[in-house]
Structures are given as C-alpha cells and as structure tokens.
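Undergrad: Dropping the structure in here first, questions after.
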Amino acid sequence: MLALLGEQLIDNARLAVFEMVKNSYDADANSVVVTLANPNTPAGKISVVDDGSGMTLETLTGVWLEPGADVRELQRHRGIRSPKYNRLPLGEKGVGRFAAHKLGNKIDLWTKAKDSPEFHVGIDWSEQTNRRYMDETEILIEETAGEYFKGSETGTRIEISDLKAEWTRGDIRRLWRNVTSISAPFSTQDDFDVKLDVPNQKAWVKDLLGVGDILGAAIWRYDFSFAEGKFNWDYQFNPPPGMKVEGYKRSGADENLPLPKRIAEWLFDEEKLPNIVPENFTDDIGPVSGTFFVFDQDRDVTVFIAEQNQIASFLEENGGVRVYRDEIRVYNYGEPGDDWLGLDLRRVNQPAKAISNNNIVGLINLQMSSSAGLKEKTSRDGFDDNVTYQRLRAIVLSALTHLEGQRSIDKGRMRRVLAKNGQDSRINPNSAIADLRREVEKRSLGPEITKLVDKVEARVRDMQETLLRPGATQMHVATLFHEVEHGVRALYSAIKRGEPIDKLEQRSGSLVELLDSFSNFFRKTPEALVRVSELVHTVSQLNSDRFDRHKIVLSTPVLSKEASDFELKVPRNIVMGAISNVLDNSIYWLDQKWPNDTKKSRRGIRITTSNYFSEGPSLVIADNGPGYNLAPEDVLQPFISLKADGMGIGMYYARLVMEACDGFIAFPSAEDVGLPASYDGAVTALVFRQGKWK
C-alpha cells in the first residue's frame with residue numbers, strides 16, 4: 001500500500017517535488033527552498049525546507065504518517081483557510097506527503113510548530129516495505145534540542161537520499177516551471193516564494209526565469225491610481241527584442257477616468273449616463289491603485305520571446321487580477337477559474353481589443369482603513385456583492401479599458417511590422433474554419449453552433465470576394481483575415497476546453513457581429529451622381545437628435561452656401577456611413593472634454609468644404625474637442641482606439657470607403673482649410689480625387 005501511494009499515484013519525480021512544495025503552501029509558508037545536490041549521481045540528495053506552521057506530535061502521527069488522511073480536503077470543502085495568509089489548501093487526497101517515497105529510499109524530516117518542540121522522523125523505506133502489514137512498521141519520532149529551527153522559528157525540513165533516479169538538466173528545468181507557477185507574482189506580506197538551488201550544476205538553472213523575470217518579460221506594464229475623482233496612470237510598452245519596434249513610456253496626471261457606456265448601463269438607471277467615473281465612487285472604498293502586466297500569446301508575437309513555454313505555464317496558473325487589502329490578499333480574486341471582472345466575456349465581445357485572463361497578471365491595492373464598504377463574505381471567498389463592490393469593479397474595469405486603448409496603438413504597430421516581415425503569410429481563416437467545423441461535428445454541439453459557424457464561413461467568403469478584388473491592398477486582407485482567424489481559433493480553443501454552450505454561442509455571435517460591421521461595405525451598392533451638400537444634409541438630419549442630446553452646435557457652411565459645393569459619383573450609403581463615423585468620434589470626444597457640461601454653446605462641430613488639396617475637393621469635419629491623441633497613421637488602422645467602448649473599426653471603415661471611392665483621408669491644420677480659430681480640436685478631411693466643383 002505504501003509503495004502504491006508513493007510510487008504509482010504520482011507520475012514522476014518532478015511532480016513528487018511539486019507535491020511537497022504544495023504541502024509547504026498549505027502549511028502557510030512564506031518561502032520554500034528546494035535543493036538538489038548532485039542530482040545526477042547516486043550520492044544525490046534532495047531537500048525541501050519551508051518556514052510554514054510546522055507540525056506538532058499529534059499532526060505528525062495523526063495526519064502526516066496516516067495514509068489518506070483527508071484533512072486538507074475537508075478544509076477546502078468547508079472553506080477553512082489558513083490562519084496567517086488566508087489560503088485555501090491545494091492538497092486534497094492526502095497522498096502528497098508520500099511523494100518523498102517516489103524520490104528516494106531514505107527520508108529525514110525535522111519539523112517545529114508554534115509552542116512545540118522540534119521533532120525528527122527518520123524513515124528507510126527499503127526496510128519498511130519489507131514488512132507485510134502496516135501495523136508491523138516501526139517509525140521512531142524523536143524530540144530534538146532544535147537542530148534546524150531556533151527560538152520561535154517554525155517550519156518543516158525534509159531531506160531525501162538514496163535517490164531512485166538520476167536527474168537530468170531537462171528534469172530540473174521542467175521542475176522549475178512547475179514550482180514557479182505557484183510562486184506569488186507580487187511583493188506582498190502573503191508572498192509564497194519558491195527558490196530552486198542546484199549547487200553542483202549552477203549552469204543548469206542559470207538562464208531560467210524567476211517570477212520577477214517573467215513579469216519583466218511582459219510587453220505592457222500599466223500602473224494607475226484613482227482617488228477623489230483624479231486618475232493618474234503610467235503606461236510602458238516593451239516590445240520583444242528582435243521585433244524592431246521601439247518601446248516607450250507615457251503617463252497622465254489628475255485626469256478624469258472615462259467610464260465605458262456598457263459599465264455605466266449596469267450601474268445607472270438614468271437616461272443620461274455619466275461618461276466619467278464619478279468622484280463619489282470611492283466612498284467607503286478609499287483610494288484604488290493597481291498594476292497590470294500584460295502579455296501577448298499570439299503565435300506571430302511569441303516567436304520573438306525566449307522561454308515562452310515557461311511564461312505560458314506561469315500565466316495558466318497566475319493569470320488574472322488579484323485584490324490585496326493592506327498587502328494581504330483577498331481570496332478568491334485572481335485564482336484559476338475566478339473571473340471576477342468578466343475579462344473573458346469582454347474578450348468575446350471585443351476579440352481584437354479586450355484583454356483576457358490568461359494574458360494579464362494584475363493586482364489591485366486597497367486600504368483597510370478606508371474600505372469599510374467592502375465587506376468580506378462569511379465564507380471568506382470575496383466581498384459581498386453590494387453597490388460598493390460594483391463601484392470597485394467599475395473603477396478597475398474603467399482603468400483596464402483605458403489601458404486597452406493605449407495598448408491597441410502598439411498592437412497596431414506590431415501588426416504592421418509583422419506584416420512587413422511577411423509574418424501574415426501564415427494567415428489562413430479557411431483552414432481555421434475547417435478545423436473548427438471538424439471539432440463542432442466531433443463533439444456534436446448541435447444545430448445552433450453549426451449555423452453560427454456557417455454564418456462565419458459565409459462572411460469570410462464575402463470578405464475574400466470583395467477584398468481580393470483588384471485595388472484592395474494586401475494589408476487590408478492580411479489585417480482583417482488575421483482578426484477573423486484569431487476569433488475562429490479562440491472559439492476552437494473554447495470548444496476544446498469544454499466551455500458551456502451559451503458561452504460558445506456568445507463567442508460565435510460576437511465573431512459574426514465583427515464581420516457584420518463591414519457588411520455594408522462588402523455589399524456592392526450602385527454608384528450615383530450626388531452633390532456633397534446632399535450627403536451632408538441627410539447625415540445632419542439623421543443625427544439631429546444626437547446633436548441636441550449631446551448639447552452640440554452644428555455649423556454647416558456647405559448647406560448655407562457659405563462654402564462651395566462639389567459633385568461626385570459614389571455609392572451614396574457607404575459614403576454617408578464614413579461621414580457618420582467621423583461624426584461619432586467628434587461627439588464622443590466632445591463629451592470627454594466637457595463631461596458634465598450642460599451649455600449647448602460650448603461644444604461645436606463644423607462641416608464644410610475646402611479646395612486646399614491639389615488632389616481634389618474635400619469635405620472637412622472639425623470640432624473643438626481634445627483633438628486626435630493618436631498619430632495619423634494609427635487613427636486609420638483597424639482595432640486601434642482610445643475610446644472606452646471603441647472597437648477601433650470606425651475610422652478604418654471610413655478609410656476603406658474613401659479608398660474604394662478613389663479618395664483618401666487627411667488631417668490638415670485648421671489654418672490650412674480656413675477654419676475659425678474656435679475649432680481647435682480634431683480636423684478630418686475626406687478628399688475625393690474625382691470630385692468636381694459646382
């Protein structure tokens with residue numbers, strides 16, 4: 001029985017050490033040191049030393065030496081957490097303590113609990129397993145004078161000798177990836193820090209990444225704080241070496257924190273929703289600060305990242321956002337399977353922009369003295385789901401959305417570099433859809449999912465027929481197909497993970513919506529001879545309610561004949577769509593500049609014409625908002641947006657429309673196109689090469 005427990009229930013020696021490290025975690029240890037001395041020789045020795053709670057004589061005899069004792073499983077089932085660091089136990093079956101038997105024949109254990117003497121246990125498994133029955137075994141437990149743990153120190157030390165197998169360099173490196181996965185990613189009071197030492201083979205572990213190294217390999221780091229209505233942030237972009245993209249830092253101080261509309265809708269019942277996080281959101285919460293480390297596991301990016309396998313393994317265990325109050329962790333936020341912010345669902349709805357749980361390691365810091373409104377549940381598995389908690393979620397999600405906007409700029413830069421390097425040559429949405437269809441059929445997921453796959457495939461065919469026509473640039477094809485393939489692969493992975501049908505339907509539906517956003521463009525509408533003043537009149541009428549609702553003064557010199565009119569032959573509907581997308585941007589950013597303003601005379605949009613461009617007449621849309629905070633080339637790239645709710649396809653759509661109409665989009669200065677000085681915000685010109693002045 002002992003041989004079965006030690007030898008056969010644990011697959012290999014590496015996992016046996018991992019089980020012992022998990023035992024240290026359950027014992028409320030702050031640090032564990034795993035040492036493998038001469039592991040590739042018969043004289044090798046393995047030791048695991050922690051500073052946890054240690055064991056009393058009763059625990060030694062009644063738990064540690066009792067096969068199958070289910071103490072940890074009962075604690076987990078009842079939600080009983082460790083007294084010092086509030087941890088739920090990782091152990092369940094009561095066999096981890098026999099992992100040492102997998103490693104070697106001789107085990108020496110020293111342990112000391114609080115207010116208890118140090119005890120030593122020596123076991124020679126080769127002698128014990130020669131006995132037929134367990135009641136014939138004799139194991140000597142000795143009280144020591146404190147050989148290893150002095151004074152008030154507590155902990156457990158296990159040494160294993162007469163090893164059963166020699167360890168290779170590969171074994172050691174795989175062990176490191178295992179134990180790193182449960183190391184605490186942040187420097188806080190309840191850290192669990194694991195160190196691995198191979199004193200006679202330092203070269204074997206020289207280049208392995210510690211937790212700090214893994215976080216240092218994050219492509220994005222974002223620090224923020226929000227208190228008394230003021231938002232401060234620091235953003236760092238650190239592209240992988242060899243990608244030939246320059247990194248940089250950016251920051252903001254004492255700003256408003258934009259509140260995404262989708263978050264405001266589940267917090268407020270009013271018709272007029274706030275577009276910034278109100279100052280009173282921190283009442284009974286206090287200052288909220290945080291740090292996010294964000295990774296990119298797209299296969300075109302990971303080829304530039306050394307030790308990607310180790311990073312992926314770490315993220316699988318540590319991905320998510322944790323919460324700390326006075327540096328003590330609040331469980332279960334950030335545990336595997338816990339998605340308290342709904343990051344994966346956001347990723348379904350915004351696949352190109354939103355960050356998922358397995359790509360982020362984050363912490364949120366709160367102060368105990370000022371967060372009285374956040375009440376921990378009796379079961380100690382998080383805060384009560386009250387209004388204060390929902391405000392905390394809104395603050396964190398709003399900061400995360402702000403990060404995603406900044407990040408979308410740099411994802412676009414990386415995408416363009418990868419395209420120039422020919423990385424997009426591997427993009428093949430048809431292959432991804434074929435794989436997806438096979439998986440759906442294999443798992444018999446039903447007609448609804450099959451219909452959604454059919455829709456995705458039909459939209460892709462539309463894209464191929466339209467975008468592969470003469471004149472469509474390969475960048476358009478590569479960019480859109482890349483996002484489609486990414487969405488299909490994410491759905492494929494979700495199916496293999498066994499996600500519920502309703503989640504799969506959400507993922508499928510969101511992918512179809514992304515493609516439907518371009519449906520008007522793909523649809524070949526007939527061209528018609530039209531005056532630009534007619535287009536402006538129609539768009540103005542369609543948006544008149546919006547202008548009134550957002551307290552915007554609209555000026556249209558082209559309609560009052562103060563500006564010249566011109567004629568063009570274009571598909572009418574898609575050009576109006578392009579104009580509306582530019583207006584959408586102006587309306588949004590005017591609200592951001594004056595979030596609480598009720599004066600209609602302050603916000604303004606002007607639609608006029610200009611003969612500034614030698615290529616042809618232009619329609620100019622200007623406002624007095626904050627202006628474009630993106631480089632011109634980024635404004636027109638897909639999936640790049642600083643809007644809290646933006647998908648980053650509106651201006652890209654407008655760009656495609658203008659190119660299809662033999663035109664282009666430009667961003668002149670207000671002086672160049674003769675605008676009044678009051679229009680000091682964004683200036684966008686739709687230039688039509690085939691336009692003719694009337």
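Only the coordinates and a few stated rules stand behind these numbers; no lab work does. For clarity, every value in this text was computed on a predicted model and none was experimentally measured. Glycine also receives a Cβ, built like all others from the backbone with ideal geometry; neighbour counts cover every protein chain displayed.
Undergrad: So how many residues does region 369-390 have that are touching a residue at least 40 places away in the same chain (Cβ under 8 Å) and surrounded by 13 or more Cβ atoms within 10 Å (Cβ to Cβ)?
TA: Here the count works out to 11.
Undergrad: Conditions first: (1) closer than 26 Å to residue 409 by Cβ; (2) loosely packed, with under 15 Cβ neighbours inside 10 Å; (3) of a type in the set (Ser, Thr, Tyr). Residue 684 passes all but one, so which condition is the exception?
TA: If we test residue 684 against (1) closer than 26 Å to residue 409 by Cβ; (2) loosely packed, with under 15 Cβ neighbours inside 10 Å; (3) of a type in the set (Ser, Thr, Tyr), just (2) comes out false.
This table checks each residue for (1) in a loop (DSSP other than H, G, I, E, B); (2) under 22 Å from residue 560 (Cα atoms); (3) in contact with a Ser or Thr (Cβ under 8 Å, 6 or more places away or on another chain).
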residue: 579; (1), (2), (3): no, yes, no
residue: 626; (1), (2), (3): yes, no, no
residue: 633; (1), (2), (3): no, no, no
residue: 652; (1), (2), (3): no, no, no
residue: 658; (1), (2), (3): no, no, no
residue: 676; (1), (2), (3): yes, yes, no
residue: 687; (1), (2), (3): no, yes, yes
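Undergrad: Could you please let me know if residue 647 is out of contact with any strand residue (DSSP E or B) (no Cβ under 9 Å at 6 or more places or on another chain) and either surrounded by fewer than 21 Cβ atoms within 10 Å (Cβ to Cβ) or within 30 Å of residue 398 (Cβ to Cβ) (or both)? First the steps, then the outcome.
TA: On the way: out of contact with any strand residue (DSSP E or B) (no Cβ under 9 Å at 6 or more places or on another chain): yes; either surrounded by fewer than 21 Cβ atoms within 10 Å (Cβ to Cβ) or within 30 Å of residue 398 (Cβ to Cβ) (or both): yes.
Yes: the conditions hold for residue 647.
Undergrad: Taking interchain pairs and intrachain pairs at least six residues apart, which have beta carbon atoms under 8 angstrom, with the first residue in region 283-312 and free of Cβ contacts under 8 Å to residues at least 24 places away in the same chain and polar (S, T, N, Q) and the second buried (at least 17 other Cβ atoms within 10 Å of the Cβ) and assigned to a loop (DSSP other than H, G, I, E, B)?
TA: 302/296
Undergrad: Still on this structure, I have one more. Answer yes if at least one residue in region 257-265 is more than 16 Å from residue 393 (Cβ to Cβ) and not in a strand (DSSP E or B), and no otherwise. Write out each step before concluding.
TA: Of all residues in region 257-265, those more than 16 Å from residue 393 (Cβ to Cβ) come to none.
Within region 257-265, none of the residues are more than 16 Å from residue 393 (Cβ to Cβ) and not in a strand (DSSP E or B).
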